[in-house]
Every structure is written in C-alpha cells, then in structure tokens.
Amino acid sequence: MTADSKALALGLASVLLWSTAATAFKLALREMDVVQLLFYAISCSAVVLSAIVWRSGKWHLLRQYLKQNFSYFLFMGLLNPLIYYLVLLRAYDLLPAQQAQPINYTWAITMALLAVPLLGQKLSGRDILAALLGYAGVVVIATQGRVLAMEFASLEGVMLALLSTVIWALYWIFNTRSQRDPIVCLCLNFLLAAPFALLLCLVMSTVVLSSWQGLSAALYVGCFEMGITFALWTMALRLSSSVARVGNLIFLSPLISLVFIATILGEVIHPATLLGLAFIIPGVLLQQAQRPAEKVRA
C-alpha cells in the first residue's frame, strides 16, 4: 500500500470508530451513571494511550513534558478529558443520541467564533454564514422541527451539548501553538485527569458496577472514543500527502452515526434531525474550508 492508501484506510477507520461513540455513550449510560462512565472511560483511555506512547518509544517525553510545564498539563487534563466529557456525557444522558451528537458536531464553528476574542482573528463573511447555518441546524434538531414553538426535549441537555462545543474549542485553541507530540500530550491529559475522575466517582457515586454490560461499554468508550482512534487519526494525517483529503472524511461521521443510533439504539430518526444536519454539515464544511484539517474530529 502507498502512504496515501494507508492514510485513507486509517482515516476511514477513525471515522467509523468515532461514528459509534454516540451509540456507545447511550448503551453505557443505560447501565451506569455519568460519573461512573467518566471514571472508567478515562482510566481505560489512560492505560491505552500509555501503551501507545510506550510502544512508540516516546515514554521519555512524558517525563520531559511534565518537568517543563506540569501546571499546563494539569489544566489541560482537567479541561479535556475531565470537564469536557463530564458535560458531554450529561448532555447524552438528557438527550436522544440523534440530538446530542449533531449539536456537539458544531464545535468547529464555535472555535471560529472564540478565535476572535482569544486569538485576535477576524470573522469573515464565510465564518458568519457558517455560524448561521450551524446554529440554525441546532435549533431545528433541538426542537424537532418545532422552531416557532421553541419546545425542547431537554433545554438543559441542549445547553450542555452546546457548552461541550465551547470546552472542546477552547482546548484546541489553547493547543494552537503547541509543537509537542500530540499523542504524548493527550496521554498526559488522561493520566492527570484519572485521579480526579476517581475522586468524583467516589464522592458522587460508586466505583462498584451492577453489570458487565456497562463496564464493557465504558471500556469501549475509553478505547475507541477517547484513546486508540486519536492515534489512528494522527497517523492518517501524517501519512497523507493531502491533509485536507483525509480531514474531510470526518464529515461522514454524523451520517454514519445515525445508522448506528437507529439500528442499535432503536431510535426512530426524526426528519428534523436530517434537516438540521442539512444545515450543520454545509456550515462546518464552509468553515473548515479555510482552517487546518488537523483540528477536525467528530
């Protein structure tokens, strides 16, 4: 296989795995509460990413980065994965998967808006149009098409899903100028977040699970939403001669995700979900056309 063929294969594998995340979240939340899922998924991902870093011969970078700026990595670990997934999983707990997943997908548009005050960038006409399309799609999905009535299945869930886009966008903005190895940095984030996730679980819930199904779903989330898939995606971007070509694969994710949501979770896909995506996907595509594909994820 050529490098581009490998990049395409790895990119498609990443998109397929990320497309199962919404379904895995909901399956896990049927068996455990949010903080239990947070603890087990973060802990699993910390182990998986540590194994990847060790296998790649970069273990020494963990110690090097920690010595250079421990407080930075502690802050980033608290931001993502701890706070980000705490907010996102609560949104999934309150909303149907077909609503939470597309709303969270608008994070790239949120990042463009936040880059104005935080990075001193200017909003272009394309950014404004992308935001209008994206958030119009959010309103359509969140109200199930009852836009004028503005009735929500869970207003709290919608607000948390939107907040998750702010947290994720902030995480990427704070990472903008970093020249460090991305997998090593992500590994550090999870290693530092794991003790706090355990503390939250002990204070707010219990580490004792009632079923093996819940544990299996949590470990799946830890491996494939938070862990291995980031490594696969990074490899795909590095191997490809066209980062944009691989990056654009991510736009398949929300559509593939709906297939899993319908077939595995049994959710009947509401026409408003498809209509909302018809706004969101062009909006994200329009915004991403002028920004690095490395920042793209589901």
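The values are calculated or read from the model by the stated rules, or taken from the named source; none is laboratory data. Note that the coordinates shown come from a computational prediction; the quantities given were computed from them, not determined experimentally. Here the Cβ positions follow ideal geometry from the backbone for every residue, glycine too, while neighbour counts run over all protein chains shown.
Taken over the stretch 225-268, residues that are of a type outside the set (Ser, Thr, Tyr), more than 15 Å from the chain's Cα centre (by Cα) and more than 14 Å from Leu10 (Cβ to Cβ) amount to 14. Ser253 meets each of the listed conditions (1) closer than 30 Å to Gln121 by Cα; (2) of a type in the set (Gly, Ala, Ser); (3) out of contact with any Phe, Trp or Tyr (no Cβ under 9 Å at 6 or more places or on another chain); (4) at pLDDT below 90 apart from (3).
Scanning the stretch 255-272 for residues that are farther than 19 Å from Asn104 by Cα and of a type in the set (A, V, I, L, M, F, W, C) yields Ile264, Val268. Just the residues that are surrounded by fewer than 17 Cβ atoms within 10 Å (Cβ to Cβ) and part of a helix (DSSP H, G or I), please, taken from the stretch 144-172. If the condition is that a residue be surrounded by fewer than 17 Cβ atoms within 10 Å (Cβ to Cβ) and part of a helix (DSSP H, G or I), then Leu155, Glu156, Met159, Val166 are the ones that fit.
For (1) of a type outside the set (A, V, I, L, M); (2) crowded, with 23+ Cβ neighbours inside 10 Å; (3) farther than 22 Å from Arg177 by Cα, each residue gets a yes or a no:
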position	(1), (2), (3)
Leu8	no, no, yes
Ser14	yes, yes, yes
Ala21	no, yes, yes
Phe25	yes, yes, yes
Ser43	yes, no, yes
Leu61	no, no, no
Gly77	yes, yes, no
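Of all residues in the stretch 53-67, those that are assigned to a loop (DSSP other than H, G, I, E, B) and touching a residue at least 12 places away in the same chain (Cβ under 8 Å) total 2.
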